[in-house]
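S.K.: Sending over a structure as structure tokens; questions will come in a sec.
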Amino acid sequence: TVIFDEGIFARRAELSDEGRLMLSVVAEQLLPRMKEFVLVVVGHSDNSRMSPGGPYRDNQALAQARADDVLRFFSAIGRLPAEAMSAISAGDQNPPYPNDTVESRRKNRTVTIRIAPVPTQAKARRR
């Protein structure tokens, strides 16, 4: 699991320049082994209430947008095959850090990248 802390997302879902740079490095490291692994990008958020009229209806939607943006980035740079990736939202449930301080809430505005072995049946299709 790779957790990207502050600097990647604020109260929005678009990757920062720093986030893009970090993810480019991650993609370069993963590329040689993508026939062996699948990625699950999990979006997280803090437990702050959403602003009425904002672009996201709740923290679940915001976290999903974060995960989706990371997936779009990996696809756009053409490094990782789309069929080897998925994006899900943890919202403000199961945060990487407790939501009990301003600092912890800031750290929860993140994504986690889970790397898992390709199931045997899928591995045969990738060859």
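S.K.: Taking 8 Å as the Cα distance limit and 6 or more residues as the minimum spacing, I'd like the relative contact order of the stretch 15-117 as a percentage.
M.R.: 40
S.K.: Non-local amide H neighbours of Ser89 (under 5 Å, H modeled in plane, Pro and chain starts lacking H): which ones?
M.R.: It is Gly43, by chain and number.
S.K.: Right, next: Can you order the peptides 100-109, 45-54, 58-67 by their average number of other Cβ atoms within 10 Å per residue, highest first?
M.R.: Highest to lowest by the protection proxy: 58-67, 100-109, 45-54.
S.K.: By average Cβ neighbour count within 10 Å, what is the ranking of 23-30, 68-75 from highest down?
M.R.: The most tightly packed comes first, giving 68-75, 23-30.
S.K.: Going by average Cβ density within 10 Å per residue, which order do the peptides 14-21, 90-97 take, highest to lowest?
M.R.: 90-97, 14-21
S.K.: Quote the Stokes-Einstein diffusion coefficient, in whole µm² s⁻¹, for the stretch 27-127, based on the Kirkwood radius over alpha carbon pairs, a temperature of 37 °C and a viscosity of 0.692 mPa s.
M.R.: My calculation gives 224 µm²/s for D.
S.K.: Using the Karplus curve 6.51 cos²θ - 1.76 cosθ + 1.60 with θ = phi - 60°, work out ³J(HN,Hα) for each residue of the stretch 94-111 in order, rounded to whole Hz, and write x for Gly and Pro.
M.R.: Listing the rounded values in order: 6, x, x, 10, x, 8, 9, 9, 4, 4, 5, 4, 4, 5, 7, 8, 8, 10 Hz.
S.K.: Quick one: which residues, 5 or more positions from Phe37 or on another chain, have an amide H under 5 Å from its amide H? H modelled 1.01 Å from N in the peptide plane, none for Pro or chain starts.
M.R.: HN-HN under 5 Å from Phe37: Val118.
Taken together, the values in this text are just the output of simple stated rules run on the coordinates, not laboratory data. What you see is a predicted model, and the numbers here were worked out from it, not measured in a lab. All Cβ positions, even for glycine, are placed from backbone atoms using ideal geometry, and neighbour counts span all protein chains on display.
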